[in-house]
Amino acid sequence: MVSELFRNAQSSVLLAGYAVYKGQKVFRALAERMSDMPALQVRMFLEVPRKQGDTSSADSLIARFSHQFKSSEWPAGMPLPNVYCCKQFLENLYGKSASLHAKCIVVDNQHVFVSSANFTEAAQQRNVEIGLLLQSEVVGQRISRFFETLADTGYFARIL
């Protein structure tokens with residue numbers, strides 16, 4: 001179903017997710033659509049993981065994640081999306097860990113998919129997950145505006 005959403009995108013795709021694994025398979029339809037439609041605006045808000053015990057700086061973690069995303073998680077040779085992350089989460093500014101745990105897709109500000117599924121092959125093909133797919137310009141615009149505000153205020157920063 002996610003691939004079908006990507007294949008039908010006309011102007012924009014907003015994606016938020018916690019985990020990406022085997023993204024080359026999960027994102028192939030989106031990358032192909034981006035290649036076919038160069039004007040398609042794709043923004044991904046993703047969690048940059050910090051493994052337990054890893055004391056690397058936030059900048060170092062972001063650089064590793066960016067390299068891994070480009071080289072291992074995104075289909076090779078395809079146009080890259082704009083990717084955003086929250087550096088404050090990595091710096092543990094709140095004294096406790098925090099994460100981007102949302103999983104949703106908004107296509108053309110009207111096709112909305114909110115799900116428990118991560119952007120992993122297992123979640124997309126094997127796990128028992130649940131999600132809600134709806135067509136609503138009001139909901140699509142509100143979700144898009146929420147993430148745009150996170151980027152506009154600098155809470156999430158573009159890393160690709």
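Taking the condition of being touching a residue at least 40 places away in the same chain (Cβ under 8 Å), closer than 19 Å to residue 138 by Cβ and of a type in the set (S, T, N, Q), how many residues in region 74-121 meet it?
Residues in region 74-121 being touching a residue at least 40 places away in the same chain (Cβ under 8 Å), closer than 19 Å to residue 138 by Cβ and of a type in the set (S, T, N, Q): 1 in total.
Can you find even one residue in region 6-13 that is closer than 20 Å to residue 150 by Cβ, at pLDDT 95 or above and surrounded by 13 or more Cβ atoms within 10 Å (Cβ to Cβ)?
Yes, because at least one residue in region 6-13 is closer than 20 Å to residue 150 by Cβ, at pLDDT 95 or above and surrounded by 13 or more Cβ atoms within 10 Å (Cβ to Cβ).
Take residue 71 and tell me if it is closer than 15 Å to residue 21 by Cα and free of Cβ contacts under 8 Å to residues at least 40 places away in the same chain.
When the stated conditions are applied, residue 71 passes them.
Considering only residues that are among the hydrophobic types (A, V, I, L, M, F, W, C) and either crowded, with 19+ Cβ neighbours inside 10 Å or at pLDDT below 95 (or both), which ones fall in region 114-123?
Within region 114-123, 117, 119, 122, 123 qualify.
Given 90, 150, 132, which one is at pLDDT below 95 and not in a loop (DSSP other than H, G, I, E, B)?
Just one listed residue meets the conditions, 90.
Any idea how many residues of region 31-54 are assigned to a helix (DSSP H, G or I) and in contact with a Leu (Cβ under 8 Å, 6 or more places away or on another chain)?
Going through region 31-54 one residue at a time, the tally reaches 2.
Test residue 72 against the stated conditions and say whether it is out of contact with any helix residue (DSSP H, G or I) (no Cβ under 8 Å at 6 or more places or on another chain) and either crowded, with 20+ Cβ neighbours inside 10 Å or in a helix (DSSP H, G or I) (or both).
Criteria not met by residue 72.
Among the numbered criteria (1) among the hydrophobic types (A, V, I, L, M, F, W, C); (2) assigned to a helix (DSSP H, G or I); (3) surrounded by fewer than 16 Cβ atoms within 10 Å (Cβ to Cβ), which single criterion is violated by residue 61?
Of everything listed in (1) among the hydrophobic types (A, V, I, L, M, F, W, C); (2) assigned to a helix (DSSP H, G or I); (3) surrounded by fewer than 16 Cβ atoms within 10 Å (Cβ to Cβ), residue 61 misses just condition (3).
For a quick check of your reading of the model, give me the residue pairs whose first member lies in region 22-35 and is closer than 17 Å to residue 107 by Cβ, whose second is surrounded by fewer than 21 Cβ atoms within 10 Å (Cβ to Cβ) and at pLDDT below 95, with beta-carbon atoms closer than 6 Å and at least 6 apart or on different chains.
26/124; 29/3
The values are calculated or read from the model by the stated rules, or taken from the named source; none is laboratory data. Predicted model, so just to flag it, every value in this text is computed and none were measured. Note that each Cβ is placed from the backbone with ideal geometry, even for glycine, and that neighbours are counted across all protein chains shown.
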